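Notes to accompany the following structure.
Rule-based calculations on the coordinates, nothing more; no lab input. Predicted model, so just to flag it, every value in this text is computed and none were measured. Positions of Cβ are generated from backbone atoms using ideal geometry, with glycine treated the same way; all protein chains shown enter the neighbour counts.
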Amino acid sequence: MLEPPAAPAPGSATDVDPAAALAHLLSVVDGPCAESMGLAEGVGGLVEVRRIEAWLTWAKHRLAGSTMRAAERQQERWVDSHPTTGDDLADGERGEGLARAERLALAERAGVAEIACALRVGETAAQGLVLRAELFGGHLAATDAALRAGHVTGAAAVEIAAGVAGYVGELPTATDEAMVDALTRAVQGTELDLLGEATRGMTTGEIRNRARLLREQCHPVPFPERFAAARAGRYVRVRADQDGMAQLSALLPTAVARRIDGRLSTIARQLQQAEREESIAGETRAEAIGQYPPTIGQLRADVLADLLGGLTGRRSVVPVLPGESPTGDVLDSDGHLTQLMDDGRAPQLVVTVPAVTLLGAEDPAWLGRLGPIAAADARYLASLATSLSMVITARGTGEATGPPVAAGPPGPEPPAAGPPPAEGSSMWTTPVVVPVAVTNGQQYRVPAALRRALAVRDGTCRFPGCRRLADRCDVDHVPAWADGGASEVVNLAQLCRRHHVLKHHTGWSVQVEPLDPLRAPARSDGSIVTGCGFGDSVDPRRDSVDRTGDPVDRLGDPVDLLRDPADPGRVGEADLPGPERARWFEMLESHTVAARLRWTSPAGRQYVTDPERPPF
């Protein structure tokens with residue numbers, strides 16, 4: 001059996017002393033000779049930084065592991081102090097609530113959320129931190145010691161953990177002793193090899209490549225079985241970029257990815273050759289519009305977009321390769337595709353478009369959380385929309401802008417809110433989305449129109465740091481309906497199922513804080529308006545809800561208020577006349593349309609979340 005690498009003894013001469021190292025680093029960076037330091041001093045300071053970062057990485061993982069154990073103890077105390085009818089259920093029995101074992105199991109979810117909020121990272125990153133902490137504390141003791149001593153970088157230690165994580169993950173499901181022994185040897189051999197390379201100064205890219213080679217040498221499961229399991233995880237994803245661009249990535253079998261890559265290059269070179277032939281015969285299309293001929297990289301992107309994005313029947317620039325005859329495609333005399341096969345349903349999108357853009361302006365629209373898109377593309381998508389929802393945004397200048405139009409089914413639009421304005425201010429300092437349809441909160445079930453408005457206002461889950469889209473979330477009563485919480489805009493928030501369960505079955509709690517000046521003034525009886533419904537109030541002395549008033553009401557027709565009196569057909573650009581502007585904001589300020597959520601973690605720390613700002 002392979003012997004695990006020897007761990008450096010704590011306190012050895014080579015260990016990093018974080019206090020001494022930091023003091024020396026400060027004297028170099030912030031001392032009187034900082035501007036005149038030599039090359040050797042500068043490089044030596046960077047080495048100290050690397051060693052301090054390694055120690056901090058070790059400390060962060062050690063604290064993450066300790067925090068998770070503390071979260072388990074805290075969750076057990078919380079469950080004991082909050083008994084439910086499900087606590088008496090035996091394993092496997094189902095009741096109205098969660099069984100005690102299920103509530104205790106939520107300790108991991110609560111602990112990960114606590115770590116993510118403390119470090120200001122996403123929960124996926126926090127979960128990875130916790131898993132690595134378990135590896136360093138159990139299977140990778142030598143790597144843990146080397147990291148503490150500053151012998152390897154934090155990034156290298158992360159790659160070593162990634163290299164053995166697959167083996168460790170299969171240990172609990174190993175069916176025989178021989179498989180357990182093979183997986184254990186794979187962990188030890190991988191750590192021995194990678195830790196030695198990392199100590200010698202190998203970069204993270206080199207370590208990652210070495211880990212791939214070792215996996216094929218050490219893994220006891222045959223490649224065909226591993227390939228079949230890995231292939232089940234294939235995907236295509238889109239990630240937002242800047243200036244109206246996005247990145248499209250895919251996880252595919254290696255051979256398929258290489259074939260796609262080669263096909264794109266082949267077609268791109270053919271298109272480039274066609275451009276050159278045109279330039280010999282005369283002016284090319286690119287030259288005619290004052291552009292440089294596209295590069296191979298640009299043409300590869302164009303080919304991919306034409307092959308997969310040409311769902312409109314418009315002419316494609318992709319030529320048909322010699323000998324190919326794609327069934328169902330219509331070719332013109334030049335051999336270009338004029339129609340692409342599309343037997344499936346068109347994708348469903350939510351696009352927020354300013355009214356002035358629909359009328360011909362060049363202001364960009366907003367495609368979900370991917371960001372801005374060109375006005376021409378927005379108008380084209382709006383022409384295909386099966387439904388339109390009006391959204392009003394109010395700005396801090398005292399002017400109402402919009403109405404932006406959400407084209408398509410309800411979904412996540414970047415919504416609104418920010419810090420409250422100065423005391424006594426009568427207008428918003430930041431934009432806020434104003435739901436057009438509101439209720440008086442007397443019914444538990446939230447109307448569909450209000451659900452759509454909340455999805456536009458919140459955009460994503462309202463738990464700190466969560467970015468799950470609102471159309472995949474639950475609409476939650478912040479103070480629960482059973483506790484007197486009304487179905488009003490201010491008392492409703494989007495929560496993904498993960499954090500919805502966390503709110504009700506762990507020590508996490510949340511309170512509503514209406515955003516000034518969206519909060520109505522206190523009434524003479526001491527109650528305050530908590531929602532958009534007329535007649536809804538909470539009396540702080542009784543802590544009960546008065547569910548009286550009209551079942552449904554509206555804030556009026558905002559489109560009429562936004563029309564230019566000189567040109568009734570023009571919407572969104574003219575200032576509101578004084579009396580109408582005053583009437584509109586008087587209605588808005590008499591009803592709370594957005595709320596800040598103040599979360600308190602089991603550790604007693606508080607985190608504030610607001611609805612996201614609208615894009616315009």
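Of note:
- With a cut-off of 13 Å between beta carbons, the residues surrounding Leu147 carry a summed charge of +1, where Lys and Arg count +1 and Asp and Glu -1.
- Volume in Å³ per residue [convex hull over Cα atoms, computed for region 169-244]: 143
- Extended-chain gain in nm, criterion 0.36 nm per residue less alpha-carbon gap, Gln298 and Thr203: 31.1 nm
- If the chain linking Asp483 and Leu63 were pulled fully straight, counting 0.36 nm for each residue of separation and taking away their Cα-Cα distance, it would gain 147.5 nm.
- Residues Arg212 and Asp176, FRET efficiency given R0 of 22 Å [Cβ-Cβ distance, rounded to 0.05]: 0.25
- Pairs of alpha carbons in region 113-156 separated by more than 13 Å make up 59% of all such pairs.
- C-alpha center-to-center spacing [region 150-168, region 176-202] in angstrom: 11
- Overall, region 144-215 carries a charge dipole of about 320 debye about its Cα centre when +1 sits on the Cβ of Lys and Arg and -1 on the Cβ of Asp and Glu, all other atoms neutral.
- Inter-probe distance in nm under a simple model that places probes 7 Å from Cα toward Cβ, at Ala20 and Thr124: 4.2
- Alpha-carbon centroid distance for the pair region 211-232 / region 446-499, whole angstrom: 43
- Pairwise FRET efficiency - Asp241 versus Ser27, Cβ, R0 = 51 Å, nearest 0.05: 0.75
- Length gained on full extension, Thr84 to Asp377: 100.1 nm, using 0.36 nm per residue less the C-alpha separation.
- Per-residue Karplus couplings for region 483-495, computed as 6.51 cos²θ - 1.76 cosθ + 1.60 with θ equal to phi - 60°, are listed in order as 9, x, x, 8, 7, 10, 4, 5, 9, 10, 8, 7, 10 Hz, Gly and Pro entered as x.
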